[in-house]
1. Please give the contour-minus-distance gain from ASP55 to LYS116: 0.36 nm per residue of separation, less the Cα-Cα distance, rounded to one decimal in nm.
2. For region 25-108, what is the charge dipole size about the Cα centre, in debye to the nearest 20, if Lys and Arg each add +1 at the Cβ and Asp and Glu each add -1 at the Cβ?
3. Assigning unit charges at the beta carbon (Lys, Arg +1; Asp, Glu -1) and nothing else, what dipole magnitude in debye, to the nearest 20, does region 1-152 show about its Cα centre?
4. Could you tell me whether region 11-116 comes out rounded, prolate or oblate from its Cα gyration tensor? Rule is a ≥ b ≥ c as square roots of the eigenvalues, rounded for a/c under 1.5, then prolate if a/b exceeds b/c, otherwise oblate.
5. Students often forget the sequence filter, so: which lysines lie under 24 Å Cα-Cα from LYS8 once same-chain residues fewer than 8 apart are removed?
6. Once you sort the root eigenvalues of the Cα gyration tensor of region 74-119 as a ≥ b ≥ c, which label holds: rounded (a/c under 1.5), prolate (a/b larger than b/c) or oblate (the other case)?
7. At q = 0.15, 0.17, 0.27 Å⁻¹, what is the base-10 log of I(q)/I(0) for region 10-61 according to the Debye formula with one equal point scatterer per Cα and no solvent? Please give it to two decimals.
8. Sorted by accessible area with a 1.4 angstrom probe, largest first, how do MET145, MET50 fall?
Amino acid sequence: IAVHGEAKREVVPDIFPLELTLKETSRDAAATQDKVEGLAKSILSIADKMQVRGDDVDVSNLDISPEYEWDDQTDKQIFQGNTYERTIKIRFHSLPRLNDFISALPKSDALRIQTKQFETSQAGELRRELLDSAIADARRTAEIMSSGVGRKLGAAQNISNTGLNITYSRSLD
């Protein structure tokens, strides 16, 4: 008998991740870097004023890369400038605080704001509990199937937490 178990639980998220991408392309390297770094300082200042914990803030290294555009007329790449990019990730522990933070952000064409999938801080513990429940569900299903054909459930021959791909017959068509 091959069976699988199921377990589900609905949870209320308590971690609200936000990703801020600061990105600007220009031929004026100093001005562009100042703009991106000034924006980063402003964002981190807002986080500090809102008392966001340090371990809930992650600031990437500054990434600088050349930007080119293809010119069909001359059949050449034309240098557009350098792109300066930095990412700031911040985790909030309440939705209203996330909303307040977004409202306080400076307006800038160099700022991209993206909320990430909401999470629960209890994910590891919940996965273990759900695995136990899924195993119990699979065992109940196996016992019902074996008793349905007049047999007793024996020892497990194979246990896996990935789906089985068993083909019992094939069509010659």
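1. 20.2 nm
2. Working: 11 positive and 15 negative charges, 118 e Å.
I would put it at about 560 debye.
3. Rounded to the nearest 20 debye, it is 860 debye.
4. Verdict is prolate for region 11-116.
5. Counting by Cα, and skipping residues close in sequence, LYS8 has these lysines nearby: LYS116.
6. Verdict is prolate for region 74-119.
7. Each listed q maps to, in turn, -0.55, -0.65, -1.13.
8. These residues rank, largest area first, as MET145, MET50.
The values are calculated or read from the model by the stated rules, or taken from the named source; none is laboratory data. Treat the numbers as computed from the prediction; the structure is a model and nothing was measured. All Cβ positions, glycine included, derive from the backbone under ideal geometry; neighbour counts span all protein chains shown. Side chains included, ligands, DNA and RNA excluded: accessible areas come from the protein's heavy atoms. Shrake-Rupley method; radii C 1.70, N 1.55, O 1.52, S 1.80 Å.
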